[in-house]
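Shown next, in structure tokens, is the structure this report addresses.
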Amino acid sequence: MALSRIASSSSRSFNLLKPLSFAISLRRSISNDTTPMTVETSVPFISHQCEVPSRSVETNPKELLTFFRDMALMRRMEIAADSLYKAKLIRGFCHLYDGQEAVAVGMEAAITKKDCIITAYRDHCTFVGRGGSLLEVFAELMGRQAGCSRGKGGSMHFYKKDSNFYGGHGIVGAQVPLGCGLAFAQKYSKEETVTFALYGDGAANQGQLFEALNISALWDLPAILVCENNHYGMGTAEWRAAKNPAYYKRGDYVPGLKVDGMDALAVKQACKFAKERALKNGPIILEMDTYRYHGHSMSDPGSTYRTRDEISGVRQERDPIERIRKLVLSHDLATDKELKDIEKEVRKEVDDAIAQAKESPMPEPSELFTNVYVKGFGAESFGADRKEVRATLP
Amino acid sequence: MLAIIRQTVSNGASRNRPAFYASRSYSAAVKEMTVREALNSALDEEMSADPKVFLIGEEVGEYQGAYKISKGLLEKYGLERVRDTPITEAGFAGIGVGAAYYGLRPVVEFMTFNFSMQAIDHIINSAAKSNYMSAGQLSVPIVFRGPNGAAAGVGAQHSQCYASWYGSCPGLKVLVPYSSEDARGLLKAAIRDPDPVVFLENELLYGESFPVSEEALDSEFCLPIGKAKIEREGKDVTIIAFSKMVGYALKAADMLAKEAISVEVINLRSIRPLDRATINASVRKTNRLVTVEEGFPQNGVGAEICASVVEESFGFLDAPVERIAAADVPMPYAANLERMAVPQVEDMVRAAKRTCYRSV
């Protein structure tokens, strides 16, 4: 079983049957322990047109516990969003990321906030990974002033420019050329940073993706295309949408890597590898084999095109949070109770943020007319009845 | 930074020098410049002034530009800043918008705006709406430029005017230069503008020569965005046009002057923002209006102008508003049919006379 493989191949050998008290007295303050340790990824990487990164990932207790906490936070946040949607506090579209947390969290561990990330509409957790707050998430979902887009964007339009998070896009596939444009600008500005452009298995067949990839390869742009393959494009399984569902190979002349997207450490290793490579050799594709527990969006029960057994099977065998929990417990980095306490803390954080978000007011009516332009030169804009409502754009 | 140019009354493209210049010494001779030269010089100056400005599109580099608008720029600024692309509009327009998100100032050329339809999602959804959706976090200082409207004999797929389509979208600025001064001043303003600008040129105007003032030759010369220009003052009927049709309207005005009808010609310069103030002030003065556009009539620019005038100046109209536009058909190839499909000077003369009840 995966657990024993991890235990036996790590650089420190642990006796899993060590008495608890002894373990406590030996353990340093876990939240700050950066003693390096090595963990093997669940499965080896598979590559296309390039070398394979090592399965042995360098990490440390602090990082693993950060992974646990961050993913637990994201999980709780998405589940809370589900409830808010059913309570009609969130309207319109709401695409949830639970199950895919390892991709957001593993990626952040490999990069800096100077690297850019751009994604599609399943963006809540990616935004949080980039440093966005829970309040900004819930307030935006509920269309309030404290939202990250001041209530004017909604679920699909979260942005955090100061952390180089460029959204948040509703048109399937559009974010890929945009991401290659970010990479172009990074190279033009000689920044030595990279862009991760995330897209799904549904978007992987978009023509504009191949157009942008072609240009990126011609111009050696530091663009990393990350296919978050959760195996369903809305209700269409990958085998019904793609003649070749080996998305990591679809770049043809562009190298690719297939990664277990439910393993945060594998994601981290792959992103680190991709960043180094992209800065030297241009674009690379990462295919993250991942899974979403919810349907495509809140209007999709998610069970008409896949079986409940499949969903619960993944939850049991591959859940990213459970993987880290087992890792932490088997290496004695924390007790089961400590981890449960973290989950309780996180739940409270989420509840507090929701309460705070509910207090935030809806935007002022004048906000209807703000940010149409950066510089409006006094141009006029109109409401539905232009004789009743007019505004001057500053 | 934006120089508001007070234009003395001029006859636009005609060879008559305005009275202002009558008593000049030859050292202050008014220069003539083609629209092509005007656009090229504007690009050159803006690229020189701001290293963030770069040009991207098909054949803009080695080919010197499909219509030679970017001639010499590759040699001067190098491969980094003048980027030849494959024939993939959706891809390179998206890349341009992404670069603008990061803070660069791309000038994206479409060989004609007919091809912009392949990239229209990026122009509208990725560029125009982003500042609003992000509540100001993401501004998009990009210019999409290229020839728009009919050329000569290029057929249905290469002749459409997109002023009305792009003009309807909030978040975009849509500019329609006519003369060389328009081309210079508006392109420089567009490149400096922090918002996405759709810059609709006209292929048949590229080779036309216009006088340009000293101010217009200055490297800081910009025209205000959203302000129309009164090309010719008049008192009996207003003809509003943009781009190539301004030249036709001026010719129509000359012909009507012979029949003692004094025409005021307005050069819109900007479809969005639309200068409703100038439009309405003129109609309140003349009480009659003819709108002229090269694009399809339904849901067109003329329809918007007419609605604005009916809303704001209904009581001042002495006659129904007349619209001159392309024929409501795809552009045919045969020369005689093509002539029927595009507005001609006679159409404008006839419509103006109808507003004066001089004809039916």
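Coordinate-derived values only; no laboratory data. Nothing here was measured: the structure is a model prediction, and the numbers come from that model. In this analysis, Cβ positions are derived from the backbone assuming ideal geometry, glycine residues included, and neighbour counts consider all displayed protein chains.
Some points to look at:
- Binning the alpha carbon pair distances of the protein assembly as shown at 20 angstrom intervals from zero yields the distribution 16, 42, 28, 12, 2, 0, expressed in whole percent.
- Dipole of chain B, positive end: most advanced residue of B:LEU73, B:ALA319, B:ILE56 [Cβ charges, Cα centre]: B:ALA319
- For A:VAL57, distant residues with modelled amide H under 5 Å away: A:VAL39, A:GLU40, A:THR41
- Where chymotrypsin sites (Phe, Trp or Tyr not before Pro) in DSSP loops with at most 15 other Cβ within 10 Å are excluded, longest remaining stretch of chain B: B:64-332
- Pairs of Cα atoms farther than 25 Å apart, chain A, %: 58
- Using distinct alpha-carbon pairs, which all enter the 1/r mean, Kirkwood radius of the range A:313-392 in Å: 17.9
- Where labels lie 7 Å past Cα in the beta-carbon direction, separation of A:THR307 and A:SER31 in nm: 4.4
- Dimensionless Rg/Rh of the range A:58-141 - Kirkwood Rh, Rg from C-alpha atoms: 0.99
- Efficiency of FRET from Cβ geometry, B:ASP50 and A:GLU345, R₀ 41 Å, rounded to 0.05: 0.25
- Both radii were evaluated on the Cα set of the range B:229-355; the Rg over Rh quotient, with Rh as the Kirkwood radius, amounts to 0.95.
- Unit charges on C-beta of K, R, D, E only; dipole of the range B:229-355, Debye: 220
- Label point 7 Å beyond Cα of B:MET117 along Cβ direction - residues of the range B:133-165 with amide nitrogen under 12 Å: B:156-162
- Using the Cβ-Cβ distance between A:GLU51 and A:VAL374 with R0 = 51 Å, the FRET efficiency computed as 1/(1 + (r/R0)^6) comes to roughly 0.65.
- Whole-number Å³ per residue for the convex hull built on Cα positions in the range A:226-320: 96
- Amide H contacts under 5 Å for B:GLY57: B:ARG83, B:THR85, B:GLU109, restricted to partners 5 or more places along the chain or on a different chain, H placed in the peptide plane at 1.01 Å from N.
- Cα centroid of the range A:292-322 to Cα centroid of the range B:310-360, whole Å: 62
- For A:LYS249, net neighbour charge (Lys/Arg +1, Asp/Glu -1) across residues whose Cβ lies under 11 Å away: 0
- Kyte-Doolittle mean at least -1.0 and Cα axial length at least 24 Å: DSSP H helices in chain A: A:61-86, A:264-281
- For the protein assembly as shown, the residue among A:GLY378, B:PRO211, B:GLY103 whose Cα projects farthest onto the positive side of the dipole built from Cβ charges is A:GLY378.
- Dipole check for the range A:37-363: with +1 at the C-beta of Lys and Arg, -1 at the C-beta of Asp and Glu, and the Cα centre as origin, the magnitude is about 600 Debye.
- With distances taken between every two different alpha-carbon atoms, the range A:130-224 has a Kirkwood hydrodynamic radius of 14.3 Å.
- Charge-dipole axis of the protein assembly as shown as Lys and Arg at +1 and Asp and Glu at -1 on Cβ define it, positive-most pick from B:PRO86, A:ALA266, A:ILE284: A:ALA266
- Applying D = kT/(6 pi eta Rh) to the range B:46-185, where Rh is the Kirkwood radius over alpha-carbon pairs, T corresponds to 20 °C and eta to 1.002 mPa s, the Stokes-Einstein value obtained is 137 µm²/s.
- 3J(HN,Hα) from dihedral phi, the range B:76-86, Karplus parametrisation 6.51/-1.76/1.60, rounded to Hz, x for glycine, proline: 7, 10, x, 5, 5, 10, 10, 10, 6, 10, x
- Cβ-placed point charges (K, R +1; D, E -1), dipole of the range B:156-206 about Cα centre in debye, nearest 20: 120
- Within the range A:37-363, percent of DSSP bridges classed antiparallel, to nearest 5: 30
- With the convex hull constructed from alpha-carbon coordinates only, chain B shows a mean projected area of 18.3 nm² over all directions.
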